Amino acid sequence: MSDRKPTTFPVLLNNDVCSLIQAADDVFQIRFKNRAANAYVVRGASRTIMIDVGLSSNYPQLLQCLHQLDCPPDRIDMVVLSHEHLDHIGATHHFSGRTLIAAHRLAANKIMLRDDFSTLRKMFNEPNEPIHVDLWLEEGNLIDLGNFRLDVMYTPGHTSACISLFDHDKGLLFAADTLMPGGVMGGVFGSGCISDYIQSLERLKGLNSKILLSGHGRLSDAPQEDVRIALQRSHGLLSDTGHLFDALDARANFEPIMQSVRDLNKLDDG
Ligand SMILES: [Fe+2]
């Protein structure tokens, strides 16, 4: 048993829909009590950003939290979207003024094409509002807020388009749905891949992270333990998937897919 005392994170506001929790100096988590993902505010010396914004329907409560921090939407310089799922990005259209919107280029593409299958529109029953992504991010970009320097890490697996942000000096890891407290996995969705997921977790394991600020659930002060459990689970999922494919008649399942491709090309031929 570890004798390490768990960190207590101060709660600054609490209502029916969300809580506003201080994760570190000038770093805040807006933790929703419904299906919306967590949103984060990082109040830098030169720029203030948000990382994810939750569902559109929660915007009034999000606004209340932003006012509590004296960071109304017109003071948010940039919203960084961790990936394309609407529980993370639904409220983005409310930030359409001077705020820049950024996402990994693969997420940006899906969002701009309004790819409802990829963004899980039906699942979250969100309004079909266009979201314009101004900055298309890549692995290796750096977001410099003055006193925070966030490395953009490309961490695919949950989907093809997931990023994590990491501040080396402060040990802050914003890992969205790639890594959650207690090693809870975000699952593998449409464009995702369990092998990519494992590689992404291996990269996160190598970081000297101190606080995990994830897409769902509480803040964690034990990211190394979280990633160790997530890796175990993801290897389990990989082996389950192998057994599943063995159990299926792969050739019988492959044929309808090939037939649909042939039919599609027939249509294209006119
Ligand atoms: Fe997600």
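Bear in mind these aren't lab numbers, they're just calculated from the coordinates by the rules spelled out. From a predicted model like this one, the values you see are computed outputs, not experimental measurements. Glycine also receives a Cβ, built like all others from the backbone with ideal geometry; neighbour counts cover every protein chain displayed.
Here are a few things to note about the model shown:
- In terms of surrounding Cβ atoms within a 10 Å radius of their Cβ, Glu138, Glu225 rank from fewest to most as Glu138, Glu225.
- With a cut-off of 12 Å between beta carbons, the residues surrounding Thr7 carry a summed charge of +3, where Lys and Arg count +1 and Asp and Glu -1.
- Neighbour net charge for Thr178 - beta-carbon separation under 14 angstrom, K R +1, D E -1: -4
- Here the residues Val53, Val80, Val184, ranked from fewest to most Cβ neighbours within 10 Å of their Cβ, fall in the order Val184, Val80, Val53.
- Over region 11-269, the alpha carbon radius of gyration divided by the compact-protein estimate 2.2 N^0.38 Å works out to 1.04.
- Relative exposure of Asp16, Asp134, Asp77, judged by other C-beta atoms within 10 Å (fewest first): Asp16, Asp134, Asp77
- Total charge dipole magnitude, region 1-155, about the Cα centre, Cβ charges on Lys, Arg, Asp, Glu only, Debye to nearest 20: 260
- Here each label is just a point 7 Å from Cα along the line to Cβ, and for Cys193 and Leu135 those points are 2.8 nm apart.
- Cα→Cβ-extended label distance, 7 Å offset, between Leu13 and His67, nm: 0.8
- The chain, dipole about Cα centre (Lys/Arg Cβ +1, Asp/Glu Cβ -1), debye to the nearest 20: 480
- Straight-distance candidates among the lysines for linking to Lys122, with alpha-carbon spacing under 28 Å and chain neighbours fewer than 8 residues away dropped: Lys33, Lys110.
- For a straight C-alpha distance cut-off of 22 angstrom, the lysines reachable from Lys210 (same-chain residues fewer than eight places away being disregarded) are Lys5, Lys170.
- Positive-pole candidate from Leu12, Asn34, Ala23, dipole of region 9-75, charges at beta carbon: Asn34
- With Cα atoms, 0 to 90° folded angle of helix 250-269 axis to the chain main axis: 90
- Spin-label model distance (nm) - Asn109 vs Arg35, 7 Å beyond Cα toward Cβ: 2.7
- Take every Cα pair under 8 Å whose residues are at least 6 apart in sequence, average their separation, divide by the length of the chain, and the relative contact order is 12 percent.
- Cα-centred dipole magnitude for region 22-80, charges only on beta-carbon of K, R (+1) and D, E (-1), debye, nearest 20: 240
- Selection of trypsin sites (Lys or Arg not before Pro), region 1-90, meeting DSSP coil and at most 12 other Cβ within 10 Å: Arg4
- For the chain, adding -39500 (n - 2.57) for each run of n ≥ 4 DSSP H residues and dividing by the number of residues yields -9500 deg cm²/dmol at 222 nm.
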